[in-house]
Amino acid sequence: MSMEFMAVSELKRSRTLWARLAKSKEMVLTRDGKPGALLVEVSGDNLEAVLGAVRRALFSQAVSKARRRAEERPPTGEELEREIRAARS
């Protein structure tokens with residue numbers, strides 16, 4: 001399935017947004033030609049499940065990115081202490 005793109009500027013004048021979203025199920029909103037947001041078709045029945053899945057995916061992606069950064073440049077003891085203090089305050 002190919003991803004459909006739509007510029008944010010098109011939203012106000014797009015009478016076909018819902019039809020396009022129903023057909024593609026997902027759309028990327030762009031600003032200045034760069035991806036900025038994702039529209040995903042949902043219903044009242046699956047809203048919470050879809051939102052939970054998106055949040056889990058974003059969290060997993062953030063954890064993976066943090067792990068890669070830590071492997072590439074392990075934090076120093078001082079950096080770890082600073083992070084612990086910041087999290088506790």
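The values are calculated or read from the model by the stated rules, or taken from the named source; none is laboratory data. On a predicted model such as this, the values are computed, not experimentally measured, just so you know. Every residue, glycine as well, gets a Cβ built from its backbone with ideal geometry; the counts of neighbours run over all protein chains shown.
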Requested in this report: Using the structure shown, decide if Ala53 is surrounded by 11 or more Cβ atoms within 10 Å (Cβ to Cβ) and assigned to a helix (DSSP H, G or I).
Outcome: yes
Report summary line: Those residues of the range 49-89 which are within 16 Å of the chain's Cα centre (by Cα) and not small (Gly, Ala, Ser) amount to Val50, Leu51, Val54, Arg55, Arg56, Leu58, Phe59, Gln61, Val63, Lys65
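Given Glu26, Glu10, which one is of a type in the set (Asp, Glu) and at pLDDT below 90?
Numbers: Glu26 fails: at pLDDT below 90.
None of the other options fit; the residue is Glu10.
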Report task. Give the residues of the range 18-44 that are among the hydrophobic types (A, V, I, L, M, F, W, C) and under 24 Å from Arg55 (Cα atoms), sorted by residue number. Result -> Trp18, Leu21, Ala22, Met27, Val28, Leu29, Ala37, Leu38, Leu39, Val40, Val42
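Would you mind stating whether Leu21 is in the same structural domain as Phe5 (by TED's automatic domain parsing), of a type in the set (A, V, I, L, M, F, W, C), touching a helix residue (DSSP H, G or I) at 6+ places or on another chain (Cβ under 6 Å) and surrounded by 11 or more Cβ atoms within 10 Å (Cβ to Cβ)?
no
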Report summary line: Checked the range 24-40 for anything assigned to a loop (DSSP other than H, G, I, E, B) and either surrounded by fewer than 11 Cβ atoms within 10 Å (Cβ to Cβ) or outside the structural domain of Ala7 (by TED's automatic domain parsing) (or both); matches are Asp32, Gly33
**Report entry** Arg69 being farther than 29 Å from Ala7 by Cα and loosely packed, with under 10 Cβ neighbours inside 10 Å
**Finding:** no
Query raised in the report: Can you find even one residue in the range 4-21 that is without any contact (Cβ under 8 Å) to a residue 12 or more places away in the chain, part of a helix (DSSP H, G or I), of a type in the set (Ser, Thr, Tyr) and touching a Lys or Arg at 6+ places or on another chain (Cβ under 9 Å)?
Result: yes
